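Shown next, in structure tokens, is the structure this report addresses.
The values are calculated or read from the model by the stated rules, or taken from the named source; none is laboratory data. Please read all numbers here as calculations on a predicted model, not as lab measurements. Ligands, DNA and RNA are excluded from the accessible area calculation, which covers all protein heavy atoms including side chains. Shrake-Rupley method; radii C 1.70, N 1.55, O 1.52, S 1.80 Å.
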Amino acid sequence: MKVAVAGCCHGALDKMYETLELLQRRHNVRPDLLLCCGDFQAVRNEADLRCMAVPAKYRHMQTFYRYYSGEKKAPVLTVFIGGNHEASNHLQELPYGGWVAPNIYYLGYAGVVRFRGVRIGGISGIFKSHDYRKGHFECPPYNQDTIRSAYHVRNIEVFKLKQLKRPIDIFMSHDWPRSIYHYGNKKQLLKMKSFFRQEVESNMLGSPAASELLQHLKPTYWFSAHLHVKFAAFMQHETNSKEELPKATKFLALDKCLPHRDFLQIIDVEHDPNAGDALEYDAEWIAVLKATNSLVNVTQSSWNMPEKNGLHAKWDYSVTEEAIKEVLEELNHDLKIPCNFTLTAACYDPSKPQKNMEPVHTINPQTTEFCAQFGLTDINDRIQQAKEEGSGRGECEEEEEEEMDSTGSAEEPSEYNTDNSGLSSFNPDEIMLDEEGGDEDLSTCSVDPSPDHPPEFSTSFSDIRIMPDSMVVSSDDAMDSNNEELEKSGGSKQVEEKSSTERSLKRTGGDENGNCGLKKIKRRNQAIYAAEDEDKTD
């Protein structure tokens, strides 16, 4: 089947779907599935905009609300993960995943689903070391800290995914797995994005958590976005035994959704021709959720996942074939995900703007139904209970004092790479909002909806590339070819593409206190998140 993969959507759903329709008209190629690697921006109304961690100049309503209201419907099944620029209050309603609009499915904090027999997994958010070992404690209305921490990856999600034993076909993360750039044309990457050099050379670019998952899951494909640049890599995994067959992962990072940017990719994926067209639960993943349910933490307390260190009675939460069979029997072998989308917030009305609309903490009926069906903890219900029990403290994000059981402890050493090996307290991949805006007041929640009718999208069709069946990529700098040459294949079809040149950003000086790093990060993020200003940067 044909799968379309998109980078950062940034709420431009109309453009994304119009591009797919143009692909069908011009080349008779119709994708069966669309995957989006984060920064989807499922913004329903002005309150959602206030929960999106971006400078005020980037707060635009865009077009998702039309699909949420039912005015429009996604023409192709769309599955996405969260990034670091999302309506966090909306996505928080669906920690285990669910429909954000008809035909548009969110994978949750982490998740695995099946479509036509193809197993698709993903993890939402980006890595931030000082939040990695915390629970999901945030709830709206967010403050200036929790509006950011709400989208940071947590160790429990990585732990759950590491319990999987069955092969994964496709995996998505928003930020790149750390070190993946060593398996592609690094020289060309640094030529296109010279401001990555320091982080690449110090091996600080990307997520160590995603890298850990890449080495464990070894999926056939891994797609990412976030850095707004196209990059391909090929990683050959080491085998654990002589009997194990060699495995390799084809990695592809996508650009963001803009005219004349290579933001969309089409790949051919082997599928089960006898499988139905419905999106399905993954039985092993459901069994893992059930097995790890006791580990749910909704406090700010930092703790480690169970490990084989003599301190835990149990550390292996992988599931048996019997447990998977029990899930199948519970569902009567019908894994189809119910189409139970429900409106949980008012939809934006261009004729009646409500700039002062406040976000509220909502428990989504989809999550309630899912948790009841599989005996899982409703994270938002638990947060709400903690909020009510600690109402005297005034803030729902204040730490709830709980006694940890044998499943975890804040004092235990961790096998997970958080602040070790020189990892700084800030993630160089994350836009520094306090550094970004210059003269903007980032403490305000201003709303700047876009016009009801967005500009007509470009029909140059330079945004799409058909991905070849295989990628052969140098493991280091031996190849001087560009990304297009890396993806050559005799049987593949390539759509015309316009190339663009980008100026290299000058490096800024620093002082002995480390301010140099923040300035460089600021300049790099300005280039990433404000593409229209790239050529104007000194």
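Couple of notes before you dig in:
- Solvent exposure of segment 2-390 as accessible area per residue, Å², 1.4 Å probe: 34
- With every protein chain in place, segment 2-390: carbon and sulfur % of accessible area (1.4 Å): 47
- Global geometry of segment 2-390, whether rounded, prolate or oblate, following the gyration tensor of its Cα atoms and the 1.5 cut on a/c: rounded
- Chain lengthening between THR368 and GLU326 when straightened (0.36 nm per residue, less Cα-Cα): 13.0 nm
- Of the beta bridges in segment 2-390, as assigned by DSSP with both residues counted there, near 50 percent are antiparallel.
- Note: relative contact order over segment 23-111, using C-alpha pairs below 8 Å and six or more positions apart, is 33 percent.
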